[in-house]
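The values are calculated or read from the model by the stated rules, or taken from the named source; none is laboratory data. Keep in mind it's a predicted model, so treat the numbers as computed, not measured. Using ideal geometry, Cβ is built from the backbone for each residue, glycine included, and neighbour counts are taken over all protein chains shown. Side chains included, ligands, DNA and RNA excluded: accessible areas come from the protein's heavy atoms. Shrake-Rupley method; radii C 1.70, N 1.55, O 1.52, S 1.80 Å.
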Amino acid sequence: MDQICKYCGASYFKCELTGSGLNKHSLICCQNGKIQLDQQKEPPEPLKSLYLGTNNNSKHFIQNIRLYNSQLAFASFEATIPDMGPGPPVVIVHGQIYHRLGPWNASIGYQPRFAQLYMIDTKEATKQRLNSIQNSSLKFDLMLQLGNMINKYNQHALNLKQLNVVANNAPQINVQPVLTKETDPRTYNLPESDEIAAVFQGVEDDIPEQRQYVGFFKDGALMRLNSTDNRRDSLVYPLLFPYGEKGWSPHAFPYQEEQRLQYIRTHQQELRVHTYRGLSDYIQNAAEDAGVNVGRSLILPSSHVGSPRQMTQLYQDSMALQSRFKKPDIFITITANPQWREIRE
């Protein structure tokens, strides 16, 4: 990889470049300088020293980083993760990912959780976070330091300071905290003042199905955040986004799949699903015989990567190729070990 992009410094093999002469370039890194990312900020202390291993608690922190992150998160993460059995640890998300934001105050009889903990004293919040058997291995002093760090630097924590003001002046509704949008979307500036807070109204104590967040500014203006807005990950991963800034999503692929499925759901006519009419009639007749309501029928076409119809289509294509060109002479499986000397050097 001796070819270097003159715009972003990315390394390439010679065969990956297009064009000729001095005009050789690649479009898969920065689109010839059209894409420019701001320099990522260094994590505040003590997070930086914990990551670098220069803190006395670094080893303990790395071993328990998932627990620390989940206890400091503003919102919960929910997904169906099937058991993959023995072998290397692999996390596979099945279905949709849900980020849940609780109400402003904890319900009667329940302890504060997630964003609710940022509405109370930091020491009391730390006690609440460690008041669980699964968190018995976590250190109080370290959790307190991380909590103070987030309260000082994190945009969402700073916005929660104004939530009381907004809630007291708003109608009697169930309010839930969300992140605010920066004035300039191209920068990750920390808020210079605490004049903005954001809330949204839940539906039956839950996030609306479309998961569009509605924020109420002090001047009465509204904002809406689409469910794919990459800032919502900073609510769930405060140790990855200590400033509450936008960043690369840890769940980019599931979000992408969600949008593809949403497109299929809302563009059935354009996808010509009427060609599956026989299947729809069969399902409808079976439902009528069973005395149940089949609901709205949605067809997942073969154009959706990974769908059963696509897998069937690929199988049929491979069988057609074999019928045309006969059986293959050789079948090669290629594997690689990142520790191989040839790769490491």
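Descriptive notes on the structure:
- Å² per residue, accessible surface of segment 272-345 at 1.4 Å: 91 Å²
- Segment 3-18 and segment 301-316: distance between their alpha carbon centers, rounded to Å: 34 Å
- Label-point separation in nm, V305 to I28, each point 7 Å along Cα→Cβ: 1.3 nm
- Heavy-atom accessible area ranking, 1.4 Å probe, most first, across D289, D38: D289, D38
- The percentage of C-alpha pairs in segment 300-344 whose separation is greater than 11 Å is 74%.
- Computed from the Cβ-Cβ distance with R0 of 51 Å, the FRET efficiency linking A290 to S136 stands at 0.50.
- Theoretical gain in end-to-end length, R324 to I4 [0.36 nm per residue, Cα-Cα removed]: 110.9 nm
- Rounded percent of accessible protein surface that carbon and sulfur make up, segment 300-344, 1.4 Å probe: 59 percent
- Listed pairs K59/K127; K41/K161; K14/K48; K139/K161; K48/K139 exceeding 28 Å between Cα atoms: K14/K48
- With both labels modelled 7 Å from their Cα along Cα-to-Cβ, the Q36 to R265 distance reads 3.8 nm.
- Under the simplified labelling scheme, the T18-E45 pair shows an inter-label distance of 4.9 nm, with each label point 7 Å from Cα along Cα→Cβ.
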